[in-house]
Amino acid sequence: MLIHFVTSLQCDIVLTESTERKVKIANCKNIGLTKVPTFLPNDINILDLSENNIKNLSNYDFERYRILEKLILKKNKLHHIEEKSFVGLNRLKFLDMSENKLNLLHSYTSEKFLPLVNLTNLDIRRNIKQPSDTNLYHYPDNAFAVLEQLNFFALDMAPNPSFGKGFRILKKLKSLTFELCFLKYLNKSVFENFSSNINELNLTGCRLHLVHVENDILLPFPKMTKLNLEGTCMHLKQALNILSPYGGKRFKLINFGGLSCPVFNNENDNFVLTITKEMMQYLKTICVEWLYLSDNGIVDFEEDSLLSFDRPEFRYELSNNDLGRNVVHEKQQSKSSEVIILPRSLETLLLSNVLCYDFERLLLIPEGSNLTYLDVSFGFSLIGILFQKNSSQKIETLLIDGHPHSTFIDQEELMNNGKIKTLKWRDASLYIHMYPDDNQYSSMIQSVFKKLKYLENLDMSKNSLWFLPENLLQSMTYLSELRLSKNLFHLVPRQIMDLSNIKLLDFRQNLLTTLDKTTRIWADSMNQKQGLNVLMADNAFECKCDNLDFIEWINKTKVRLDSRSYKCTLVNGSLITVREAYEKMHDLFSHCESSIWLTVASTLLSTCFVTALLFFIYGKRWEISLLFYRQFRKIVKKKYCRSFTYDVFVSYGEDSVPWIKNCLVPKLEHEWKLKICFKDRDFLPGGYYFDTEAESIEHSRHVIFLLTPSFKASEDYLFAVERVKHEKRIRNIENIIVLAKDISLKDIPTELTYIWNYVSFIQWTDDTDDIDIMWQQLRLWLCQDLIPPDSNAQYWDIINLSIENAFNSDIDKIVVTGDFNENLLNFRNTKLTNIILQNGLNQAIEQPTFFWETSSSLLDLILVNDPDILLYTEVGNNILEANVRYHCPVSGIINIKKTPNKVFSRKIWDYDHVDLTNYKFDLSEVNWDNIINNNDVNVAVTNITETILKIATKHIPCKFVKVRSQDPPWLTGHIKKLIRHRKRLHKMAKKKNTADSWWQFRHVRNQCINLIKTAKLDFFNKQLNI
């Protein structure tokens, strides 16, 4: 059965031809094989069996593949290899068994490898398990000794390794790699039995232990040219000392990146490291092409140490170090010279992600420098780079990513060079400095770009740019690649079309909705001239009537695009690909032609109407001018010359008279000094009643409706409501306040609902605990809303009481904001500062918010009880026309997280399809006496329940459904069912795209919306006991 399964699987057989020979490849990767297939052609050269489930290699598994040269078995589950598994593989040169479960000590024997007489590359990495001890680990040297042609060997490293004399036979071995590494002890005898021809050693990722290293471990490798110790927990001082055998020699690569591990930090091997002359005594004599010292905790270096080399023809990287900041937060004096002259022969300088802000240092690029590549991306540093005259003539690549205002553009020597061919200025928020066009820094950027005449590659991705300053690219006649991805462009800038040598244009992840006709014609002409690649994935393309030419162009143009299936949005909001829109153009856009005629007709009709209207206005121009003048004079008079006879007009029923005389009048008139108008006292006899009431309302600043059980019975309440509505419409009344006393919400007159948006409501009770709060709330509405300058203590007491009430209500996040008319920049003890300290509030605004002729003040505040509430605050620019005295708006982002909905599963039984006969039969076969016979009634009940459910599961169909426990309380089962029906209709409408299917969807959608609104309103009405 297993054989049938294996032989049914399909492997891809690919035949590749080259000038030398034909190569047949069998790709059996990740197809579920459990053994080596025997159904493949016997003339394959490469066999890829990686990522399968092969556990064993049996005898003669590969005998039929006698011309196999490359065998890949990585990422299987190999744990056993039989003695004659590799018989027949005499021509095999490459064997990869990495990432399996082979035991290094027991899985390999000389008999197994004996047939592999031509093997040059052997990879058995990532097989060893983490050793539980650090005893001496003897590698099976006799097993590998038969592989005399071996050139590359990759394996795992034990904590305390021992490589026997059998490895001496591997004379042709040149590259040695240890990747899965548990190394702890590395003494000079470890490598003594390896070939002296080895020129490359990779010992990476040894992070389980702090490796103890002796200085002479590399003596067996006199021909070493590549040394990679990246990520190995070996102190940088030790790593530099093992270079002692290589004085005056040439290396292609020395990678000491990430050696110092903070987890092993101690007094002897401190992670904070200062490079000394003694540490550099061997490295400075070596000629190295690539040197990596990244991520080693280097905070400083002595003079004539780190950057002083006898033969400095190298590329140099110091990324991800912290030059200047001591991680133990102790201030230290810089030991290196403040001016460091870099070697003239330096070709590549990588200083990306460097932090140095404790002391200043100047790196000097000398005259005649060979520097060609400079990377200072994403760093915060007081290190300056100064270019002497004629020192930057060979720089061709400059990376200043993450620097919005790099000081490099200020240096005439660098920018006047004019030979820079590649400039990468990404993720630097350049939109801030390129807008407006006339600011100082924008002008500086444009001046620099004009000097880059020989620039070929420009990358300004991820800068939130939506435009380019005019003529920014005008001088770049050699520009061939322009990358502007991850910006905010809605259109391709016109100046790009003046570039005559452009070959690649990258506008991915912008906001392009289309390419206009001019851009499309230019792109076609450039492609015909020299070939053009345009990248536009992940834009906001629209598929609509006025974009049909663009859709057709995408599918027909010969310009090399990154896709022909860009996502685009239809008029109804659904997503589709541009290719689908092109193929279904007739069905999707058949209405476009009729829309054009409708547009023409509407335009003509509108033109006729506007013409007639203009003639009418011209004929009545003097009457219209006089009307506007009268209205304007009336508004100005009301706004600036308005004076009120009364502060408050009260409308009430007959049962409210005693409360008004005994409570309201003394409070408002005697304590608050306001003037009240109510009919039983202030309406004089003899005049027409409704005229008097209308005049009183018109001359009152505020109106109070006192709602009691007899309010509806009063003769004038309808007139008062209508009059107040009129006065509010013409803005004569400032506040409308409704006091509901001895009446519930359901008894409020319906006439008041028409002005409810303008009403301030108070539910008045006789509860002595709340009476003070209600009076304070009423006072805040009747008095001025803002605190006037030089306010008395009573205002501040009211504010303090309001804040205390918020704290007493158990609200965990409190924000208080507004214009407090109290300048917090004076740092003096005031009522406001006492309130802030008393309530434990935090003030988030620090910059002035009010400006006038001679000074500025901090008046507009944001107070919070927890500083973590605010993610961000700022003071904005003046938004008014006033330029002498003005307030600036303050804003902030509040950190409020929504509680995630909890989802659980519920089993649903389908009783309509129950197998009742078998269900009864199985129940009758149960020995209920054994189940019930238990002294504990709880155990008996549990046994009965489990038995019944177990039998029911066999004979009653069931399924699990997801239940969301935090659905809104008004979302009933019927509404959920209707929502699911609406979704099904929407999918069907998109698929069929017929008028009838869309009508059915819209009908159910409207029904669903109305039902949700009604259910939500009913729910809140019940909460309010309406």
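Values quoted throughout were computed directly from the atomic coordinates according to the rules given, and no laboratory measurement underlies them. Quick caveat: nothing in here was measured; it's all calculated off a predicted structure. No Cβ is skipped: glycine too gets one built from the backbone with ideal geometry, and neighbour counts run over all protein chains shown.
Data for the structure
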{"quantity": "Label-point gap, in nm, between N555 and K249 - each point 7 angstrom along Cα→Cβ", "calculated": "6.5 nm"}
{"quantity": "By average C-beta atoms within 10 angstrom, highest first, the peptides 452-462, 565-575", "calculated": "452-462, 565-575"}
{"quantity": "Linear extension gain, L575 paired with T38, 0.36 nm per residue minus alpha-carbon span", "calculated": "188.5 nm"}
{"quantity": "Spatial separation of Cα centroids for the stretch 891-950 and the stretch 119-150, in angstrom", "calculated": "56 Å"}
{"quantity": "Pairwise FRET efficiency - E214 versus E111, Cβ, R0 = 35 Å, nearest 0.05", "calculated": "0.45"}
{"quantity": "Computed log₁₀ I(q)/I(0) - Debye formula, equal Cα scatterers, no solvent, the stretch 973-1023, q 0.18, 0.28 Å⁻¹", "calculated": "-0.58, -0.98"}
{"quantity": "Spin-label pair S744/I932, simplified geometry with 7 Å Cα→Cβ offset, distance in nm", "calculated": "5.3 nm"}
{"quantity": "Contact order relative to length of the stretch 24-109, as percent, for alpha carbon pairs under 8 angstrom and 6 or more apart", "calculated": "27 percent"}
{"quantity": "Loop trypsin sites (Lys or Arg not before Pro), the stretch 684-767, which have at most 13 other Cβ atoms in a 10 Å radius of their Cβ (DSSP)", "calculated": "R731"}
{"quantity": "Amide H contacts of G818 (H built 1.01 Å from N, under 5 Å, at least 5 apart or other chain)", "calculated": "L861"}
{"quantity": "Computed E for K1016/R984 - FRET, C-beta separation, R0 25 angstrom, nearest 0.05", "calculated": "0.60"}
{"quantity": "Rounded to 5, the percent of DSSP beta bridges in the stretch 1-127 classed as antiparallel", "calculated": "30 percent"}
{"quantity": "Hz values of 3J(HN,Hα) by residue in the stretch 68-78 - Karplus curve (6.51, -1.76, 1.60), Gly and Pro given as x", "calculated": "5, 10, 9, 10, 10, 10, 6, 6, 10, 10, 4"}
{"quantity": "For the stretch 156-163, Karplus couplings with θ = phi - 60° (6.51, -1.76, 1.60), whole Hz, Gly/Pro x", "calculated": "9, 10, 7, x, 10, x, 9, 9"}
{"quantity": "Protection proxy ranking of 51-59, 297-305, 686-694 - average other beta-carbon atoms within 10 Å, highest first", "calculated": "297-305, 51-59, 686-694"}
{"quantity": "Too-long pairs where the Cα-Cα distance tops 25 Å, listed order kept, from K77/K188; K70/K101; K679/K746; K897/K959; K897/K990; K712/K1013", "calculated": "K77/K188; K679/K746; K897/K959; K897/K990; K712/K1013"}
{"quantity": "More than 17 angstrom apart: percent of Cα pairs within the stretch 474-582", "calculated": "52 percent"}
{"quantity": "Stretchable slack from K620 to H913, in nm (0.36 nm times residue separation minus alpha-carbon distance)", "calculated": "97.2 nm"}
{"quantity": "Gyration tensor (alpha-carbon) shape descriptor, the stretch 644-782, a/c threshold 1.5", "calculated": "rounded"}
{"quantity": "Long-range Cα-Cα pairs in the stretch 1-127 (distance over 20 Å), rounded percent", "calculated": "41 percent"}
{"quantity": "Packing rank of 839-849, 178-188, 606-616, where each peptide gets the mean count of other beta carbons within 10 Å, highest leading", "calculated": "178-188, 839-849, 606-616"}
{"quantity": "Gyration tensor verdict on the stretch 903-964 (Cα atoms; rounded if a/c is under 1.5, prolate if a/b is larger than b/c, oblate otherwise)", "calculated": "oblate"}
{"quantity": "Relative contact order of the stretch 973-1023, pairs being alpha-carbon contacts under 8 Å that are 6 or more residues apart, as %", "calculated": "40 percent"}
